[in-house]
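A quick write-up on the structure given underneath.
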Amino acid sequence: MKIVVAGGDGFCGWPTALHLSARGHQVTIVDNLVRREIDVELGSNSMTPILSLTERVAAWKEVSGHDIDVRIASLTDYEAISGIIAEIQPEALVHFAEHRSAPYSMIDREHAIENHRNNVEGTLNVLWAIKDHAPDCHLVKLGTMGEYGQPNIDIEEGWIEIEHKGRKDRLPFPKAPGSFYHLTKVHDSDNIMFACRIWGIRATDLNQGVVYGLETTETRLDRRLVNRFDYDAVFGTALNRFLIQAAIGHDLTVYGNGTQTRGYLDIQDTVRCIEIACENPADRGEFRVYNQFTEQFSVNELAAKVQAAGRAMGLDVQIAETENPRVEKYDHYYNAVHTRLLDLGLQPHLLTQEHLAEILKIAMENTERVRRELVLPTVTWK
Ligand code: NAD
Ligand code: USQ
């Protein structure tokens, strides 16, 4: 298949581009490299030394023999993105290309607006470009489990049957997101659903949980293919942050009482989920929603697992309750359905002590790159 991977220089996008390329798909990465610019803005870095996109793609060619086409462009530039889609005529467009940090969207008014502009405008451009230039192209869009929030009922996959005053309907599952970033994903989902309904676009919205891990089969082939590994309080996510904190001897930063529960998945499953979605396209006019995670954990459970893995490797790992910079629920009910990707053949990599040890070992090899001042949170929701 001809597949465009928008956001293919990022944490999820890079290993996905490699995975699809390794399976013989013709991959084009579209990325404006803004994530690397945000590193400069925040004074942060990937814990792993990632190469430039040009160097990464050249290394992949050397290692695998496969070409990956690269276009440096922003989805917010309609001329650029519509031209690329018109030229390539992709069968699938995988859309990772958004600003994805909740704390980043909460820094101040300017960041909240830029977050909305980048994400909502970029997705609208993609929808119009598909409609006008490649109407059969399947949009595979990365949403988030955070769109639903943490309701006191089971979370369904996108839709819920509701009986109200004697009448029934199948309606979008209610949304209650926890940051301006998560809200952009809600707006995207509504815009995509509308475009499917009025224009007959085919789309899959992948409501992904928090991703952890680093390596995939393809990135392990050569050090130059290594993935990015965020640890700072703005872009680092819970489990990866805890692993790096354990490696550098920092207390694990459990926010508040640590009972916040979310869905999690390994980056190795992210790349497989995208492959499954691309190879099983939605019908014309269908807006399909899959909940993309494999296991649920509370923050306390994650910290305890990292502590055990660290101690087994001789590290003195302490857990510290840290004042929560966010406004979020504690001691809440959480049970989210996630069967559709399993039905299509996903075989999850579960969170084992062996796997934690593998990631921790890489973290321990890169501790000199960590800037300790970036570990504690500074952005607050209030
Ligand atoms: P990332 O920040 O590492 O990568 C995003 C990439 O998109 C970057 O390379 C960035 O330069 C690019 N980009 C951003 N805006 C762009 C634009 N307007 N035009 C072109 N390129 C642009 O993020 P990630 O962790 O790889 O996440 C990818 C997607 O998956 C995001 O949409 C995110 O919301 C979603 N997601 C991520 C996680 C997670 O835990 N990492 C969990 C759920 C959902
Ligand atoms: N948390 C801690 N300590 C930390 C970091 C986080 O206790 O040091 C807690 C947070 O308070 C939260 C939970 O861990 O309760 C998850 O936080 P996170 O930073 O790992 O994840 P989140 O902000 O939700 O965002 C990440 C990605 C985002 C994606 C989302 C999926 O950055 O792009 O959409 O995960 S989900 O969580 O399902 O919404």
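Scanning segment 171-198 for residues that are buried (at least 18 other Cβ atoms within 10 Å of the Cβ) and in a helix (DSSP H, G or I) gives Phe180, Tyr181, His182, Leu183, Thr184, Lys185, Val186, Asp188, Ser189, Ile192, Ala195, Cys196. Looking only at residues of segment 311-342 that are of a type in the set (D, E, K, R) and either in contact (Cβ under 8 Å) with a residue 24 or more places away in the chain or part of a strand (DSSP E or B) (or both), we find that the one that is farthest from ligand 2 (Cβ to nearest atom) is Asp316. Residue count for segment 50-84, restricted to those that are under 21 Å from His19 (Cα atoms) and assigned to a helix (DSSP H, G or I): 12. Is one or more of the residues making up segment 37-55 within 15 Å of Glu98 (Cβ to Cβ) and more than 16 Å from ligand 2 (Cβ to nearest atom)? Checking segment 37-55: at least one residue is within 15 Å of Glu98 (Cβ to Cβ) and more than 16 Å from ligand 2 (Cβ to nearest atom). Looking only at residues of segment 251-271 that are charged (D, E, K, R) and within 15 Å of ligand 1 (Cβ to nearest atom), we find that the one that is surrounded by the fewest Cβ atoms within 10 Å (Cβ to Cβ) is Arg262.
Residue-by-condition table, conditions (1) farther than 18 Å from Ser189 by Cα; (2) among the hydrophobic types (A, V, I, L, M, F, W, C); (3) surrounded by fewer than 16 Cβ atoms within 10 Å (Cβ to Cβ):
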{"position": "Ala102", "(1), (2), (3)": "no, yes, no"}
{"position": "Val140", "(1), (2), (3)": "no, yes, no"}
{"position": "Gly149", "(1), (2), (3)": "no, no, no"}
{"position": "Lys165", "(1), (2), (3)": "yes, no, yes"}
{"position": "Asp169", "(1), (2), (3)": "yes, no, yes"}
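Taking first residues from segment 181-194 that are under 19 Å from Ser101 (Cβ atoms) and partners that are modelled with pLDDT of 95 or more and aromatic (Phe, Trp, Tyr), the Cβ contacts under 8 Å between residues at least 6 apart in sequence or on separate chains come to Tyr181/Tyr104. Residue-level check: of (1) farther than 24 Å from Thr259 by Cα; (2) surrounded by fewer than 16 Cβ atoms within 10 Å (Cβ to Cβ), Glu323 misses just (1). Screening Ile248, Ile244 for residues that are more than 8 Å from ligand 2 (Cβ to nearest atom), closer than 16 Å to Val370 by Cα and crowded, with 21+ Cβ neighbours inside 10 Å leaves exactly one candidate, Ile244. If you go through segment 214-240 and keep only what is within 15 Å of the chain's Cα centre (by Cα) and assigned to a helix (DSSP H, G or I), you end up with Ala238, Leu239, Asn240. The set of residues in segment 114-153 being in contact with a helix residue (DSSP H, G or I) (Cβ under 7 Å, 6 or more places away or on another chain), closer than 15 Å to Ala6 by Cα and within 16 Å of ligand 2 (Cβ to nearest atom) consists of Asn119, Val120, Thr123, Val140, Lys141, Gly143.
Kindly establish whether His111 is surrounded by fewer than 23 Cβ atoms within 10 Å (Cβ to Cβ), closer than 29 Å to Asp222 by Cα, within 16 Å of ligand 2 (Cβ to nearest atom) and modelled with pLDDT of 95 or more.
On the way: surrounded by fewer than 23 Cβ atoms within 10 Å (Cβ to Cβ): yes; closer than 29 Å to Asp222 by Cα: no; within 16 Å of ligand 2 (Cβ to nearest atom): yes; modelled with pLDDT of 95 or more: yes.
Spelling it out, it is not the case that His111 is surrounded by fewer than 23 Cβ atoms within 10 Å (Cβ to Cβ), closer than 29 Å to Asp222 by Cα, within 16 Å of ligand 2 (Cβ to nearest atom) and modelled with pLDDT of 95 or more.
Would you mind stating whether Glu295 is out of contact with any Pro (no Cβ under 8 Å at 6 or more places or on another chain), surrounded by fewer than 18 Cβ atoms within 10 Å (Cβ to Cβ) and under 30 Å from Ala247 (Cα atoms)? Here the answer is no, as Glu295 does not meet what is asked. If the condition is being within 18 Å of the chain's Cα centre (by Cα) and over 23 Å from Leu341 (Cβ atoms), then segment 154-183 contributes Gly178, Ser179, Phe180, Tyr181, Leu183. Within segment 1-59, restricting attention to residues that are among the small types (Gly, Ala, Ser) and out of contact with any helix residue (DSSP H, G or I) (no Cβ under 8 Å at 6 or more places or on another chain), the residue that is farthest from ligand 1 (Cβ to nearest atom) is Gly24. Scoring Asn125 on the criteria (1) away from ligand 1 (no atom under 13 Å from the Cβ); (2) surrounded by fewer than 21 Cβ atoms within 10 Å (Cβ to Cβ); (3) within 30 Å of Ile88 (Cβ to Cβ) leaves a single failure, condition (1). The single residue among Gly258, Gly310, Gly314 that is more than 23 Å from the chain's Cα centre (by Cα) and on the phi > 0 side of the Ramachandran plot turns out to be Gly314.
The values are calculated or read from the model by the stated rules, or taken from the named source; none is laboratory data. All values reported here derive from a predicted model rather than from experimental measurement. Every residue, glycine among them, receives a Cβ derived from its backbone with ideal geometry; neighbour counts consider all protein chains shown.
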